[in-house]
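Encoded as structure tokens, the structure appears first; notes follow it.
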Amino acid sequence: MTETPSVRPANTGVRQTRPRTEGWTQKKDADGRPLLQFASPKRGKPPVHLADLTVAERVEKVKELGLPGFRAKQLATHYFTHYTSNPDDMTDLPAATRSDLVAGMLPPLLTEVRRLETDRGDTIKFLWRLHDGALVESVLMRYPGRITLCVSSQAGCGMNCPFCATGQAGLTRNMSAAEIVEQVVRANALIAAGGLGGKKADDHSMERVSNIVFMGMGEPLANYNRVMHAVRTMVAPQPEGLGMSARGITVSTVGLVPAIKKLADEDIPVTFALSLHAPDDQLRDELIPVNSKWKVDEALDAAYNYYEKTGRRVSIEYALIKDMNDHAWRADLLATKLNERGRGWVHVNPIPLNPTPESVWTSSDKDVTAEFVRRLNDAGIPTTLRDTRGKEIDGACGQLVATTEDEAAAEALM
Ligand code: SF4
């Protein structure tokens, strides 16, 4: 696909706010460009957990621990269907060896540091401490007919986006597959115990997380192998895994093109989301530093290839930022770029920011937002404003970062 010629009209009088960091300094590389970190710094690895292993490896490990291989399936049943790692709950395991078996196969991975709830209790943000003290978050949200968990895939992030709190400190380390899965298991345990609000009084159904979005801390495709192992474990039938539908799992990226191509060749039809936020390279180079490596057209080609290979409609995420990327001509340019690749392959989700007066990162005016959405819809691109639930507890994508209070709470636990 050739690059679309710039269609920016001579729109004199249109305000253009440029991206810049506020209150922190972006790390730069030797060429003066925002530093991108793809490799995870070397830190002590988290303990190996049942959810890091294939079914065959679980059997082997149980045998190494001196027990018959079938105990692996019993442990997996406790973990993936009863959401427990507590040996006291596992009365079908021999009492004498139970604790050692659980310690060897289900070591603790996440310590809960803090939990923030909305008033109705239907949105909960968890702050977790990992074995090495790194902090990550997940956000659990009840919607009509579904329960969604936004999970983290890395501690910190190496993509250095200037608007993002998570990226400020850089990448601490990749999370293991089991650390990713454990976020879901812990959320399911809380739901099973009645800890998520908003359930109707006459609803007695067994509930659990139905949808996962990889939109917490980290760039999931920069931690490709572990994220894919976690996804395989989520979709594996119980008791081998969590028995979830791949379609309910959304993997999002700021545009790591080779990894998007790889994802398209996997045999797992997850929902794919590209966080685009700008249709022109001039702005996107500043807004999403990885754009200096893979340009808008390359990222869109890779997204279209994902649709062609999987038949799954792709989502384009677009945070609307006042006077920065919310111009009518940008809606038109985005529509042109999407339509020239085909029809019916893509859906756009503009995301209204929280209003932050005095900041360059503030929300678009209502009429501007409506115009942006209208132009895309009129051009035949299905477009829906996304719910920004979670923002009120500082838990929406690109805003996940441990505060000093969180760190103090974590220290108190150590
Ligand atoms: S917006 Fe996403 S990719 Fe960019 S720094 Fe934040 S977490 Fe990383």
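The values are calculated or read from the model by the stated rules, or taken from the named source; none is laboratory data. Remember, predicted model here, so these are calculated numbers, not experimental data. All Cβ positions, even for glycine, are placed from backbone atoms using ideal geometry, and neighbour counts span all protein chains on display.
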Inter-residue pairs, beta-carbon under 9 Å, first free of Cβ contacts under 8 Å to residues at least 24 places away in the same chain and in the stretch 143-158, second in a strand (DSSP E or B) and within 16 Å of the ligand (Cβ to nearest atom), 6+ apart: none
Test for Gly195: is it touching a strand residue (DSSP E or B) at 6+ places or on another chain (Cβ under 6 Å) and assigned by TED's automatic domain parsing to the domain that holds Phe126: no
Complete set of residues in the stretch 181-215 that are out of contact with any helix residue (DSSP H, G or I) (no Cβ under 8 Å at 6 or more places or on another chain) and either within 14 Å of Thr81 (Cα to Cα) or buried (at least 24 other Cβ atoms within 10 Å of the Cβ) (or both): Gln183, Arg186, Ala187, Asn188, Ala189, Leu190, Ile191, Ala192, Ala193, Met215
Enumerated strands (runs of 3 or more DSSP E) restricted to the stretch 130-195, each holding at least 3 residues that are more than 10 Å from the ligand (Cβ to nearest atom) and under 15 Å from the mean Cα position of the chain (by Cα): 135-143, 146-150
Residue check for Ala169: aliphatic (A, V, I, L, M), surrounded by fewer than 20 Cβ atoms within 10 Å (Cβ to Cβ) and over 25 Å from Arg247 (Cα atoms): yes
Segments classed as helices (runs of 4 or more DSSP H), wholly inside the stretch 253-355, with at least 1 members that are within 16 Å of the ligand (Cβ to nearest atom) and either at pLDDT below 95 or not assigned by TED's automatic domain parsing to the domain that holds Met215 (or both): 281-287
Some residue of the stretch 220-232 being part of a loop (DSSP other than H, G, I, E, B), within 16 Å of the ligand (Cβ to nearest atom) and β-branched (Val, Ile, Thr): no
Sole exception among (1) without any contact (Cβ under 8 Å) to a residue 40 or more places away in the chain; (2) away from the ligand (no atom under 15 Å from the Cβ); (3) within 30 Å of Gln37 (Cβ to Cβ) for Ala370, by number: (3)
